[in-house]
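The structure appears right after this line, and notes come after that.
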Amino acid sequence: MTLCLVFSLGAQTFEGKGADSPEDAVKNYLNALKACDYNQIISCYAVETFVENYSIDRFIENLNCATVTMKMIYPKDDLLRETGKFEVLASINKMIKYQIWNLSGSDFFKKSSVIALRDNVQSVIDEAFPSNAERRLRAIKFNEFVPLERILTYYAGNYPYYDSCDEDLLDEFNQTINKNLEKSKKIYGCKDIKDVTASFYVEGTKYYFLAETIKYGKKWYISPNQGVVACISGMDIPKGCISAAEELEWAIVDKDDSKKSFVIKREGKKVTATLGGNPISDFSNIDRTDPTEVLATFFVSYFNQSDAWKNYVWHSGIADEIVSFENAWEELYGLVDYISVTINPENFHKYMEYYTIRISAAYQGETVDDYDQVSMCQDERTHQWFVVELPR
């Protein structure tokens with residue numbers, strides 16, 4: 001008696017029916033993550049349609065060569081079409097894995113790809129495989145879509161002057177991107193490609209999903225590949241096209257600052273401070289491990305020109321940063337008629353150790369209202385934060 005096992009994975013269909021718009025495709029995907037349903041997550045991607053329409057000819061023409069690392073998608077051959085489908089699926093699966101780790105708050109992929117065996121195997125497993133992954137995914141709350149122009153203007157406009165980006169430079173930037181998109185459309189064999197960036201919250205932490213969406217027929221899907229916005233944002237592959245707001249340079253909050261913001265003002269010699277619009281005067285019990293409180297306390301003292309501000313400045317031991325801060329006061333901060341800084345916790349980029357602050361100032365009838373960066377660093381032993389460098 002012979003036992004025959006029929007293995008017919010090739011007949012399985014992974015992608016769903018698609019969405020009516022790029023934005024709907026992204027919302028469907030976030031809802032699938034929220035549901036913790038693997039099949040639903042996979043169904044949002046273009047898999048079979050992507051493989052069937054893929055042009056290896058166009059890919060090789062664009063690259064001017066064939067490489068061993070390229071996707072082996074060759075729709076003209078039945079066997080290679082099926083192997084190509086599972087290669088695409090493997091890439092998608094890896095992206096989903098990275099997203100789950102990322103959204104769980106794990107630092108595994110951010111700090112190192114290796115966790116050394118120190119005490120016991122279980123402690124390594126607990127660190128590598130976050131136990132709160134499903135709880136975090138189920139807490140996803142969609143916030144809004146970010147206009148593509150806002151992100152492109154940031155990179156084309158020599159931050160922090162993005163409000164006044166040169167239009168010719170932006171047009172040139174857009175033309176370059178559109179040229180590359182046209183090449184991608186021919187390779188994918190799709191009708192259209194559109195990058196969609198959506199912000200959402202997970203238990204109070206703001207994230208962005210930087211998706212490339214592709215259109216086949218009348219339906220939109222999530223692309224198996226990383227899109228333009230993710231690439232120009234410098235997004236690492238282990239992030240899975242999802243990043244915390246603090247890790248993206250362009251992720252500046254809109255000008256209607258949140259109720260969590262500190263606003264420190266100096267008009268003449270009078271210095272005032274508010275938190276969420278409410279006046280505050282006592283900074284004696286600040287949490288030195290909170291960069292927002294440290295920065296707010298620093299500016300109150302710095303604007304008052306009391307010696308206390310020096311306690312919040314980092315001393316590297318190589319150069320005296322105090323001199324730089326004193327020069328900044330003499331050359332800029334002490335000369336203006338009016339100045340205010342707005343410090344929003346959402347604008348702290350922890351892993352790059354800088355704060356994006358809003359600065360409003362007036363000097364001899366001229367005003368400025370813009371964003372700039374304050375460099376900070378954390379003491380590894382005490383975990384206290386210090387100011388390293390001010391905008392000049």
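Could you work out the relative contact order of the chain? I mean the mean sequence separation of Cα pairs under 8 Å and 6+ apart, divided by the number of residues, in percent.
After rounding, I find 14 percent.
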Which labelled figure in (1) 54; (2) 43; (3) 59 is percent of Cα pairs over 27 Å apart, once derived from the coordinates | (3)
Mind checking the dipole of the chain: about its Cα centre, +1 per Lys or Arg Cβ, -1 per Asp or Glu Cβ, Debye to the nearest 20?
-> 1540 debye
Measuring with a 1.4 Å probe in the full set of protein chains, what accessible area per residue, in whole Å², belongs to the range 19-126?
-> 55 Å²
Under 13 Å, Cβ to Cβ, from Y208 - net charge with Lys/Arg +1 and Asp/Glu -1 = -3
Per-residue accessible area for V263 at 1.4 Å probe radius, Å² rounded to 10?
-> 30 Å²
Protein chains only, probe 1.4 Å: how do V388, V146 rank by accessible area, largest first?
-> V388, V146
What is the spin-label model distance, in nm, from S123 to D337 if the labels are put 7 Å beyond Cα along the C-beta direction?
-> 6.3 nm
Dipole check, the chain, charges on Cβ (K,R +1; D,E -1), about Cα centroid: among T274, W101, I343 the Cα furthest to the positive pole belongs to W101
Keeping all protein chains in position, work out how much accessible area F348 exposes to a 1.4 Å probe, and write it in Å² to the nearest 10.
-> 20 Å²
Nonlocal amide H pairs with Y74, under 5 Å, H built at 1.01 Å | R81, G84
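Excluding N225 itself, calculate the net charge of residues whose Cβ lies under 10 Å from the Cβ of N225, where each Lys or Arg counts +1 and each Asp or Glu counts -1.
Numbers: positive: K71; negative: E212.
It works out to a net charge of 0.
Starting from the Cα-Cα distance between E144 and E267, subtract it from 0.36 nm times their residue separation and give me the gain in nm to one decimal.
Details: separation 123, 0.36 × 123 = 44.28 nm, distance 3.63 nm.
My answer for the length gained is 40.7 nm.
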Taking Cα atoms, how many degrees apart are the long axis of helix 167-188 and the longest axis of the chain, rounded to 10 and kept between 0 and 90?
-> 20 degrees
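Calculate how large, on average over all directions, the projected area of the Cα convex hull of the range 262-306 is; give the answer in nm² to one decimal. The partial results should precede the final answer.
Working: hull surface 12.3 nm².
The directionally averaged projection comes out at 3.1 nm².
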Would you mind calculating the gained length between S131 and T67 on full extension (0.36 nm times residue separation, minus the Cα-Cα distance), in nm to one decimal?
-> 19.1 nm
Determine ³J(HN,Hα), in whole Hz, for all residues of the range 260-272 in sequence, where each value follows from phi through the Karplus function 6.51 cos²θ - 1.76 cosθ + 1.60 and θ = phi - 60°; x replaces Gly and Pro.
-> 8, 6, 8, 10, 10, 10, 9, 10, x, 9, 8, 10, 10
Considering only protein heavy atoms, what is the solvent-accessible area of F145 at a probe of 1.4 Å, reported in Å² to the nearest 10?
-> 70 Å²
Taking the Cα centre of the range 253-392 as the origin, how large is its charge dipole in debye, to the nearest 20, when only Lys and Arg (+1) and Asp and Glu (-1) carry charge on their Cβ atoms?
-> 340 debye
Which Cα, out of Y354, F283, V196, lies furthest along the positive dipole direction of the chain (beta carbon charges, K/R +1, D/E -1)?
-> V196
Cβ crowding within 10 Å averaged over residues, with 364-372, 243-251 ranked highest first | 243-251, 364-372
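When the helices in the chain are scored as -39500 (n - 2.57) per DSSP H run of 4 or longer and the sum is shared across all residues, what 222 nm value do you end up with, to the nearest 500 deg cm²/dmol? Present the calculation step by step, with values, prior to reporting the outcome.
Values: 13 runs with 135 residues, N = 392.
Only helices count here, giving -10000 deg cm²/dmol.
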Förster radius 25 Å - calculated FRET efficiency between T205 and A308, Cβ distance, rounded to 0.05 | 0.20
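The values are calculated or read from the model by the stated rules, or taken from the named source; none is laboratory data. Nothing here was measured: the structure is a model prediction, and the numbers come from that model. Because the Cβ atoms are built from the backbone with ideal geometry, glycine has one as well, and the counts that use them run over all protein chains shown. For accessibility, only protein heavy atoms count, side chains too; no ligands or nucleic acids. Shrake-Rupley method; radii C 1.70, N 1.55, O 1.52, S 1.80 Å.
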